[in-house]
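The next block holds one structure in the form of structure tokens; read it before the comments.
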């Protein structure tokens with residue numbers, strides 16, 4: 001079955017392009033255009049009063065959608081920002097620490113750039129101490145959980161789906177059991193799992209773990225919508241704070257630094273709400289067509305199986321598939337390791353096919369806007385790789 005009609009604007013904008021990077025920059029569905037227009041029209045119609053609608057109806061709808069996706073059942077524990085890097089800074093500042101001079105953090109060595117780069121830079125200045133668990137190799141989930149249990153880290157952060165290899169960290173629930181309001185804090189990076197895996201958090205893990213994600217990937221809503229699930233009781237007074245964090249009570253006496261009791265305590269200041277409008281419009285579109293995360297994952301999984309089979313006789317078939325297809329949950333991209341990965345990516349790009357490369361790994365990402373014709377087209381291109 002094909003769902004290309006739901007992406008007609010993006011596909012028709014570049015008809016000669018074969019976009020196989022849904023894991024990187026997901027094409028926007030037509031519903032997102034309607035959401036963007038709704039945002040503009042609200043601004044024109046309501047002017048200053050638009051914020052009543054944004055922080056009310058629009059915000060609550062988006063919170064409910066996210067909580068439903070996470071399986072947490074805690075809509076008021078969701079807060080939004082421009083990106084997840086913003087939340088990393090707020091979490092690092094708020095996290096309790098044993099040593100007042102530095103924060104101790106446990107991560108994998110396969111984290112996405114926002115955490116990898118920021119933590120490495122803070123480490124240079126000496127106020128952050130980082131322990132790293134190797135992401136490569138067998139038994140990563142078990143090794144990371146064991147390291148977390150043995151560690152004296154103040155913050156434990158791990159990607160639920162590793163962005164380089166597409167491998168899954170399978171012990172998020174057990175990791176969350178280690179979390180305490182006084183430390184350690186557990187942070188799950190859902191960069192590649194939000195709206196790619198069904199209910200990736202769940203109520204038990206939601207009670208103790210922070211969860212970071214965004215609209216840029218599988219939520220299909222584009223940039224500008226970082227999101228965080230904030231477990232109750234953790235960080236009641238974040239030191240990096242904007243005036244929206246006390247938006248529910250602007251009658252406090254002058255000089256008082258008040259905080260909301262729910263996830264709004266981690267809010268910043270004035271923001272661009274258009275991504276929330278796009279996200280809500282997309283979720284309505286999904287509901288109309290019965291496109292749950294599970295249904296989309298089934299669609300993608302079938303295409304992934306076809307692609308793996310189709311490229312066996314091509315040069316790509318000689319590469320190591322780092323995340324082979326099995327019966328359990330799988331990333332929305334295939335990670336092919338080869339010393340020729342970067343050259344393959346350049347050759348494909350020259351022929352109008354968008355993939356991406358991370359070191360020696362070529363990543364091919366499929367989504368709702370792909371069908372069997374796309375798999376055939378890619379196989380023909382792969383057959384001519386040098």
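When only residues in region 17-39 that are modelled with pLDDT under 95 and surrounded by fewer than 18 Cβ atoms within 10 Å (Cβ to Cβ) count, which is nearest to residue 221 (Cα to Cα)?
The selected residue is 25.
What about residue 93, is it in contact (Cβ under 8 Å) with a residue 60 or more places away in the chain and surrounded by fewer than 17 Cβ atoms within 10 Å (Cβ to Cβ)? Don't jump to the end; show me each part of the working.
Values: in contact (Cβ under 8 Å) with a residue 60 or more places away in the chain: yes; surrounded by fewer than 17 Cβ atoms within 10 Å (Cβ to Cβ): yes.
Answer is yes for this residue.
Sort through 334, 362, 381 and tell me the only one that's under 21 Å from the mean Cα position of the chain (by Cα) and touching a residue at least 60 places away in the same chain (Cβ under 8 Å). Full working, then the answer.
Details: 362 fails: touching a residue at least 60 places away in the same chain (Cβ under 8 Å); 381 fails: under 21 Å from the mean Cα position of the chain (by Cα).
Among 334, 362, 381, only 334 is under 21 Å from the mean Cα position of the chain (by Cα) and touching a residue at least 60 places away in the same chain (Cβ under 8 Å).
Give all pairs with beta carbons closer than 7 Å in which a residue from region 146-166 that is under 9 Å from residue 189 (Cβ atoms) and outside the structural domain of residue 103 (by TED's automatic domain parsing) meets a residue that is surrounded by fewer than 23 Cβ atoms within 10 Å (Cβ to Cβ) and modelled with pLDDT of 95 or more; count only pairs at least 6 apart in sequence or on separate chains.
Listed pairs, sorted by first residue: none to list.
So, in region 61-74, of the ones that are farther than 10 Å from residue 276 by Cα and surrounded by fewer than 20 Cβ atoms within 10 Å (Cβ to Cβ), which residue ends up modelled with the lowest pLDDT? Break it down stepwise before answering.
Quick first cut of region 61-74, residues farther than 10 Å from residue 276 by Cα only: 64-74.
Now restrict to residues that are surrounded by fewer than 20 Cβ atoms within 10 Å (Cβ to Cβ): 64, 67-68, 71, 73.
Numbers: 64: 98, 67: 98, 68: 98, 71: 97, 73: 94.
This residue is 73.
Here is a check on your reading of the model: is residue 225 touching a strand residue (DSSP E or B) at 6+ places or on another chain (Cβ under 7 Å) and in contact (Cβ under 8 Å) with a residue 12 or more places away in the chain?
Working: touching a strand residue (DSSP E or B) at 6+ places or on another chain (Cβ under 7 Å): yes; in contact (Cβ under 8 Å) with a residue 12 or more places away in the chain: yes.
So residue 225 passes the test.
Those residues that are surrounded by fewer than 19 Cβ atoms within 10 Å (Cβ to Cβ) and closer than 18 Å to residue 22 by Cβ, I need them from region 339-353; list them, please.
349, 352
Of all residues in region 149-174, how many are crowded, with 23+ Cβ neighbours inside 10 Å, more than 24 Å from residue 216 (Cβ to Cβ) and touching a helix residue (DSSP H, G or I) at 6+ places or on another chain (Cβ under 8 Å)?
Number of matching residues: 1.
Assess whether residue 313 counts as being part of a helix (DSSP H, G or I) and loosely packed, with under 14 Cβ neighbours inside 10 Å. Can you show your working first?
Working: part of a helix (DSSP H, G or I): no; loosely packed, with under 14 Cβ neighbours inside 10 Å: yes.
Considered against the rule, which asks whether it is part of a helix (DSSP H, G or I) and loosely packed, with under 14 Cβ neighbours inside 10 Å, residue 313 comes out as no.
The values are calculated or read from the model by the stated rules, or taken from the named source; none is laboratory data. Keep in mind it's a predicted model, so treat the numbers as computed, not measured. Every residue, glycine among them, receives a Cβ derived from its backbone with ideal geometry; neighbour counts consider all protein chains shown.
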